[in-house]
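Take a look at the structure below.
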Amino acid sequence: MTETARAALITGGTGRVGSTIAARLEAEGFVVLAAGRRDGDITRPDEARALVENAVEELGGLDLLVNAASAGFEPRPVEEVSEEDWDAALDSTAKGTFFVTQAAVPHLRASSLGLVVMIEDVGAFMPWPSFGPHCAAKAAQAMLTRVFARALAPDIRVCGIAPGPVAVEPGQEERRAAETLLGRIGSPDDIAGAVVYLVGAGYVTGSTLFVDGGRSLT
Ligand SMILES: NC(=O)c1ccc[n+]([C@@H]2O[C@H](COP(=O)([O-])OP(=O)(O)OC[C@H]3O[C@@H](n4cnc5c(N)ncnc54)[C@H](OP(=O)(O)O)[C@@H]3O)[C@@H](O)[C@H]2O)c1
């Protein structure tokens, strides 16, 4: 690590999108902790706090937090949603995001970058009938983008990215592509590129960048 390297913690860093963001940030000169559940269960506030402290110790500080961890993306009719389904979605995406970000605040304030990126979902803004808990959790997370942006300004910028279909289940490519304006699915690298854009976009805070091939308009 060079003395000038910026440090990034990526929750969901072992996932499809998060691991791509990690690789892209490393290529941009960041030192990165790409965290998965093995590094701490973020649904537990004590483990969320420990994750941030471990990242700061390992990386020598914290300049960028990317909240990409998420669970509970399971299609289920409203009548069949269980408490476990609800908790899986809300606890990771909303509660986990909140407490990881809360723990990161003093470290981000000490950074000249001081940036939080929420990896949201177009589902935060679209009422998908078979994804009630997921849409509610993502809507909560998108609100946290705005709440934290107000609470932490001007020291820390807080921005959202709402991906469309960028890493879909095998066999779903054609159907998911047809749901977009561009007629194709994207890739995790489209999201990584948006993170890099936000790193350099010093006048952007409190808003969500849609990287969705027009999915949110269909
Ligand atoms: N894939 C898409 O096309 C798409 C579209 C729109 C939005 N998004 C959003 O982009 C983000 C990443 O999606 P993805 O497709 O890359 O997801 P993914 O491959 O399913 O990876 C999920 C990540 O979240 C971590 N995670 C889940 N629960 C956790 C917990 N309780 N504590 C700590 N880590 C936890 C997982 O860790 P482990 O590896 O240890 O399980 C993994 O790193 C999500 O927020 C998702 O909603 C994705």
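The values are calculated or read from the model by the stated rules, or taken from the named source; none is laboratory data. Model, not experiment: these values are computed from the prediction. Neighbour counts run over all protein chains shown; Cβ positions are idealised from the backbone, glycine included.
Things worth noting here:
- Residues satisfying the stated conditions in the stretch 20-52, i.e. touching a residue at least 60 places away in the same chain (Cβ under 8 Å) and of a type in the set (S, T, Y): T20
- Entry remark, the stretch 154-176: residues being in contact (Cβ under 8 Å) with a residue 40 or more places away in the chain, surrounded by 13 or more Cβ atoms within 10 Å (Cβ to Cβ) and either aliphatic (A, V, I, L, M) or in contact with a Leu (Cβ under 8 Å, 6 or more places away or on another chain) (or both) number 9 in total.
- Identity of the residue in the stretch 63-100, assigned to a loop (DSSP other than H, G, I, E, B) and more than 13 Å from the ligand (Cβ to nearest atom), that ends up nearest to D39 (Cα to Cα): D63
- Any chance V78 is more than 28 Å from G200 (Cα to Cα) and in contact (Cβ under 8 Å) with a residue 24 or more places away in the chain: yes
- Of note, G60 does not satisfy the criterion of being within 16 Å of the ligand (Cβ to nearest atom) and under 23 Å from V196 (Cβ atoms).
- Candidates V211, V199, V147, V168 - the one that is within 25 Å of L108 (Cβ to Cβ), within 14 Å of the ligand (Cβ to nearest atom) and among the aliphatic types (A, V, I, L, M): V211
- Where helices (runs of 4 or more DSSP H) sit wholly within the stretch 109-209, those with at least 2 residues that are under 15 Å from the mean Cα position of the chain (by Cα) occupy 132-152, 188-200.
- Filtering V56, V52, V31 for residues that are buried (at least 20 other Cβ atoms within 10 Å of the Cβ) and in contact with a strand residue (DSSP E or B) (Cβ under 9 Å, 6 or more places away or on another chain) leaves a single hit, V52.
- Scanning the stretch 30-44 for residues that are hydrophobic (A, V, I, L, M, F, W, C) and either within 14 Å of A71 (Cβ to Cβ) or in a strand (DSSP E or B) (or both) returns V31, V32, L33, A34, A35, I42.
- Index of the failed condition, E169 passing every other in (1) over 24 Å from V81 (Cα atoms); (2) at pLDDT below 95: (1)
- Set side by side, the residues E179, E169 differ, and just one is closer than 21 Å to T93 by Cβ and of a type in the set (D, E), which is E169.
- Per-region count, the stretch 19-47, residues within 8 Å of the ligand (Cβ to nearest atom), more than 19 Å from D190 (Cβ to Cβ) and of a type in the set (G, A, S): 3
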